[in-house]
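Read through the structure below, which is laid out as structure tokens, and then see the notes.
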Amino acid sequence: MKKSILFSSLLAIAISFTSVAQEVKTEEKKREQGHYNENKFRQMYDIMATPNMFRTASGAPGPAYYQQKADYKMDIEIDEKNQKLYGNETVTYYNNSPEALEYLWVQLDQNMRAQNSKTPLVSNQRIAPALTPEKFAKEFMESGFDGGFNIEYLKDKSGKPMSYTVNQTMMRINLATPLKPGDKTVFSIKWWYNINNYQIDGGRSGFELFPDGNKLFVIAQFFPRMAVYSDVEGWQNMQFWGRGEFALTFGDYEVNITVPADHMMEATGELQNRKEVYTSEQMKRWNLAQNTFDKPVLIVTQAEAEAAAKGFSDKKKTWKYKAENVRDFGISTSRKFMLDAMAVQLKTVKPMAISIYPPEANPLWGEYSTRAVAQTLKTYSKHTFDYPYPKAVSVSAEDQGMEYPMICWNYGRPDTDGTYTDRIKYGMLGVIIHEVGHNYFPMIVNSDERQWTWMDEGLNTFLEYLTELEFDKNFPTDRGPAAKIVSYMKGNQNYIAPIMSNSENIFQFGSNAYGKPATGLNILRETIMGHELFDHAFKTYAQRWKFKHPTPEDFFRTMEDASAVDLDWFWRGWFYSTDYVDIAVKEVKEYYVSTEPTEKLKNYKVRTGRFTYDNGPFLYLVDESNVEFNPATKKAFNMNEVQMLEEYVAKNYTAEEKAKLKAPKFFYEVEFEKLGGMIMPILVELQFEDGSTENHEFPAQIWRMNNSTSKRVFATDKKVAKIQLDSKLETADIDVENNVWPKAEVKSKFDELEKI
Amino acid sequence: MKNKYKIVLLLTVFTLMTSFAIHKFYVSVTQIDYVPKKQRIEITSRIFIDDLDKGLKNKYSKNVYLATKKEIPEADKLIQQYLEEKIRLVVNNKPLKLQYISKEVEDDVLICYLKASYSEKITTFEIFNTILTEMFSDQKNIVHTDINSNKKSVLLTYSERSTLLEF
């Protein structure tokens, strides 16, 4: 003990002497400055919020966790002829926070389409040198669509007008007295707005106009909605610019929707007056559907929808819905709608899978939509929790893909002749699975979309990928497999933002907020954690935050807490930076065994200070590049040709042990180089001359002491013909050409084309 | 060897937005490289198949059924005609004749290969790219270039149709 201390302090002196000596010799070489902990494996105390009583270090809701509640009672009327929506609502807002609130913030999302909206003002413009008359008129002559909210009144419980201030898409209700913790307040708002043709004016809500003059409405963000008040943001009142979606409070809804009497409708919640709005024949079919688990049952037939589409009723009909514990409300209504439904058997519940679509969507929709909804509920429930709502509806709306609780809009229709391509079919299936999947993230696991698009889109795209493969094992998935994200990750860094960026400030929205996080989760599941650990941790996150408001940290912490896999390096690299993966084979040296030392090795003992022990004899490993390499030794190693080893084995092992000894014949030292900033495990495939392969996996932690190179030795009984890193393209390595030894020749695409 | 290898790398570009996203994004990515050794300008354009399908139908009033079993025989000709109009290069102040080579399908993206012969030293390089801007007002055309060992990326849109690179 003492000796070694003495030795090491001597060593320290010796080293410092040498460095002094060096300094004298080369004066220009300056002593390097110190540095902070820049190790890629350092824990994330510097970036993550400090855990507290609201949100624990384990990633779970803490003992002081709270969330607000907002209940809505609404009467809505949609005027199809004049494209207007009229509404009034009574909101009961519960303050469950420990603070008193002097004011409330209400979201007026439609104001993004108001004449005074600032959304168009933050995009850059430039004179276009040539314009069609249509575009010229639109750009310079039209005053544009006015789709903002017109607030008629805001009243308190007793009917007295309340003071409010509108700041673009946010309205502050000024309370006469602060709303105390544990108290509730009731207020009413009456409003109307012009409904946009979303195919012309854009948007996630609006109507589609058919050549026959009918409209198909997909209505959302149609009512003043409570903003979220929470322990992380206070009021989440970041303006709605158009991209970063929504942050919404849970509550119970009672909504009456009045539309022309010949409309068919679906909306969030359970229909309370089905008998009043369905024919008796349709009621019978609905009852049948509730007990049919193998295929959709048509409830409104194509003939019925086509007949309805020919009229235009002047009468009105009111549809009454109730929904519990939802964060939003969506409506789709049209006289063109057909409807089919089937029941889905989950472990504990039997929700309905429903599709509503115009005849133009057939034959495609009748065949696939409801089945895709059912598959989504099954796969997602397996990975999270049993679907807690009574139904999930897929609405056919061209050019859309948008989610609301229990209902979503999806594009994809056949050509007018009824034929469709695989691209349309799989595009439609993908979007249905994706949007129905959003019921889990963010409708139930209610993350803040205004702040973090990836939290719902990334997690949802990941489960969408798993669902697609369960629906059809040949599904042409485009997001999930690691190789698919490579072209994004190796792109120009000026156009790439870390995943952990606000929703409005992202370049390449789809790859950033959908593709990359989904791929990251897939890499964790397939390569870093394994299915069992990953699935348990992911499910734990979903169950912990079901009907709550999680933050990114809650997700990151839960994934580690439930699995005992330290992933700080992964979150830091994949989510907080734009680092990419590029691991290369730098050098491979083949070593041969010799009993003759080289000159250098003769002094081996002296150099390493092994004076008194380990006297040998030694087996020497010499590589071909050594000048003293003896060509005679270049052959497969055979233990029986080396007497000292043979004797050692004979003396030290029992017959049983001897039988288990390996017989290595070839020795390789492989140096790996990490050219990219992102850490990854090293996945090595040795391909032997006989065509067989052997796989080795070195965990990410191999990089913890040296972030640029690492070495491994392989002793094999067959000659290695080729070394291939990441042979199954699991790690999103952006340059696979340097993953091979020996180097393969690469041809330019254009040279190939030239030959043809 | 090394040079070739670099070119291949540059050919593969950004992942394009795909249709499963919430709202449709209209984008194309074009890589333009000058390879003096081969006296060649190489152009690789990646365009969403469904968008281009609509664009061709709009322009030539013909259903092309791109990348399906029903694809019409003159598809290549129409694409060539379309791209020749939509991608224009003016090098050293002289318009360049582009030659369409072929196309390739990758998922829902069509990769189109074009080239032009060029052997002089490049001092100015102007790129017009109006792919699908006549169809979609928010069409974004990303152009990456590697010319005279300078890598540049520009975003061209309906209102910003061209860029001039000077060396």
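Annotation: of all residues in the range A:526-556 being part of a helix (DSSP H, G or I) and free of Cβ contacts under 8 Å to residues at least 40 places away in the same chain, the one that is surrounded by the most Cβ atoms within 10 Å (Cβ to Cβ) is A:ALA537. Is it the case that the range B:16-36 has a residue that's closer than 25 Å to A:GLU752 by Cα, away from chain A (no Cβ under 11 Å), in contact with a strand residue (DSSP E or B) (Cβ under 9 Å, 6 or more places away or on another chain) and outside any strand (DSSP E or B)? The answer is no, given that none of the residues of the range B:16-36 is closer than 25 Å to A:GLU752 by Cα, away from chain A (no Cβ under 11 Å), in contact with a strand residue (DSSP E or B) (Cβ under 9 Å, 6 or more places away or on another chain) and outside any strand (DSSP E or B). Just to verify a result, which residue in the range B:136-158, among those that are among the small types (Gly, Ala, Ser) and surrounded by fewer than 16 Cβ atoms within 10 Å (Cβ to Cβ), is nearest to the other protein chains (Cβ to nearest Cβ)? The selected residue is B:SER137. Scanning the range A:98-129 for residues that are crowded, with 18+ Cβ neighbours inside 10 Å and either without any contact (Cβ under 8 Å) to a residue 24 or more places away in the chain or not aliphatic (A, V, I, L, M) (or both) gives A:TRP105, A:GLN107, A:ASP109, A:GLN110, A:ASN111, A:ARG113, A:SER117. Only residues that are closer than 19 Å to A:TYR357 by Cβ, over 38 Å from the mean Cα position of the chain (by Cα) and free of Cβ contacts under 8 Å to residues at least 40 places away in the same chain were counted in the range A:280-306, giving 4.
Among the strands (runs of 3 or more DSSP E) confined wholly to the range A:645-756, which include 2 or more residues that are surrounded by fewer than 17 Cβ atoms within 10 Å (Cβ to Cβ) and in contact with an Asp or Glu (Cβ under 7 Å, 6 or more places away or on another chain)? Write out each step before concluding.
Working: elements: A:666-674, A:682-688, A:693-698, A:709-716, A:720-725.
So the answer is A:693-698, A:709-716.
Residues of the range A:490-527 that are among the aliphatic types (A, V, I, L, M) and under 13 Å from the mean Cα position of the chain (by Cα): A:ILE499, A:MET500, A:ALA513, A:ALA518, A:LEU521, A:ILE523, A:LEU524. Looking across the range B:86-95 at every residue that is more than 14 Å from chain A (Cβ to nearest Cβ) and surrounded by 16 or more Cβ atoms within 10 Å (Cβ to Cβ), the one that is nearest to B:ARG161 (Cα to Cα) is identified as B:ILE87.
Working carefully through the options A:VAL445, A:VAL436, find the one that is over 22 Å from A:ASN505 (Cα atoms), among the aliphatic types (A, V, I, L, M), more than 11 Å from chain B (Cβ to nearest Cβ) and in contact with a Cys (Cβ under 7 Å, 6 or more places away or on another chain). Walk me through it before giving the result.
Numbers: A:VAL445 fails: in contact with a Cys (Cβ under 7 Å, 6 or more places away or on another chain).
Result of the check over A:VAL445, A:VAL436: A:VAL436.
For the range A:508-528, the candidate set comprises residues that are among the hydroxyl-bearing types (Ser, Thr, Tyr) and within 9 Å of chain B (Cβ to nearest Cβ); within that set, the residue that is farthest from B:GLN139 (Cα to Cα) is A:TYR514.
When residues in the range A:216-252 are screened for being charged (D, E, K, R) and surrounded by fewer than 21 Cβ atoms within 10 Å (Cβ to Cβ), 4 of them pass.
When the residues of the range A:390-402 are filtered to those that are at pLDDT 95 or above and in contact with a helix residue (DSSP H, G or I) (Cβ under 7 Å, 6 or more places away or on another chain), the one that is farthest from the other protein chains (Cβ to nearest Cβ) is A:ALA392.
Here A:ILE356, A:ILE424 are screened, and the one residue that is assigned to a helix (DSSP H, G or I) and more than 16 Å from A:PHE293 (Cβ to Cβ) is A:ILE424. The residues of the range A:713-756 that are hydroxyl-bearing (Ser, Thr, Tyr) and either facing chain B (nearest Cβ under 9 Å) or farther than 20 Å from A:MET489 by Cβ (or both), listed by number, are A:THR716, A:SER748. A:THR467: crowded, with 24+ Cβ neighbours inside 10 Å, over 26 Å from A:TYR198 (Cβ atoms), among the polar types (S, T, N, Q) and touching a residue at least 12 places away in the same chain (Cβ under 8 Å), yes or no? The answer is yes for A:THR467.
For every residue, the table says whether it meets (1) crowded, with 19+ Cβ neighbours inside 10 Å; (2) free of Cβ contacts under 8 Å to residues at least 24 places away in the same chain; (3) closer than 28 Å to A:LYS548 by Cα.
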residue	(1), (2), (3)
A:PRO351	yes, no, yes
A:ILE354	yes, no, yes
A:PRO358	yes, no, no
A:ALA361	yes, no, no
A:GLU367	no, yes, no
A:VAL373	yes, no, yes
A:LEU377	yes, no, yes
A:PHE385	yes, no, yes
A:PRO388	no, no, yes
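The values are calculated or read from the model by the stated rules, or taken from the named source; none is laboratory data. These numbers were taken from a predicted model, which means no experiment stands behind them. Quick reminder, even Gly has a Cβ in these numbers, built from the backbone with ideal geometry, and neighbours come from all protein chains shown.
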